[in-house]
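Here the structure comes first, spelled out in structure tokens, and everything after it is commentary.
Nothing in this text is a laboratory measurement; each read-out follows from the coordinates by a stated rule. The structure displayed is predicted, hence computed values, not measured ones. When we count neighbours, we look across all protein chains shown, and the Cβ atoms used for this are built from the backbone with ideal geometry, even at glycine.
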């Protein structure tokens with residue numbers, strides 16, 4: 001439990017929201033790394049970056065959802081973290097799936 005919290009789920013709510021928002025900031029970094037990589041490996045780096053970002057966003061949603069289950073004083077940030085985490089993670093996973101299919105065909 002974090003020293004700044006009073007409820008058991010407060011730290012998890014804060015972490016979940018931070019993970020979900022960090023993924024949104026991570027997407028331009030992934031695009032920048034793809035532009036630096038040589039032409040032949042760009043597809044693999046893009047896919048790997050998207051899959052890592054999707055996993056991180058979904059993990060943030062899971063943390064925030066767990067905070068809601070254990071009880072938190074930060075219900076707004078827990079709801080925001082779970083919604084943003086799950087929606088962003090699923091959207092990025094679908095983009096990774098469709099671009100992966102495009103790479104293989």
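Take the Cα atoms of the chain, build their convex hull, and give its volume per residue in Å³. Residue-normalised Cα hull volume stands at 87 Å³. The label-point distance for residue 97 and residue 37, in a model that sets each label 7 Å from Cα toward Cβ, rounds to 2.1 nm.
Ranked by the mean number of other Cβ atoms within 10 Å of their residues, highest first, the peptides 19-26, 93-100 come out as 19-26, 93-100. Between 0 and 90 degrees, the angle of helix 10-36 with respect to the longest Cα principal axis of the chain falls at about 10 degrees.
Counting only alpha carbon atoms, the long axis of helix 75-104 and the longest principal axis of the chain meet at about 10°.
Secondary-structure-derived ellipticity at 222 nm for the chain, considering helices only, amounts to -29500 deg cm²/dmol, per-run term -39500 (n - 2.57) for DSSP H runs with n ≥ 4. Peptides 44-54, 75-85 ordered by packing proxy, namely the average of other Cβ atoms within 10 Å per residue, highest first: 75-85, 44-54. Between the helical axis of 42-70 and the longest alpha-carbon principal axis of the chain there is an angle of about 10 degrees.
Picking from 42, 14, 65, which is most flexible by a Gaussian network model of the chain using Cα springs under 10 Å? Of the options given, 42 has the highest mean-square fluctuation.
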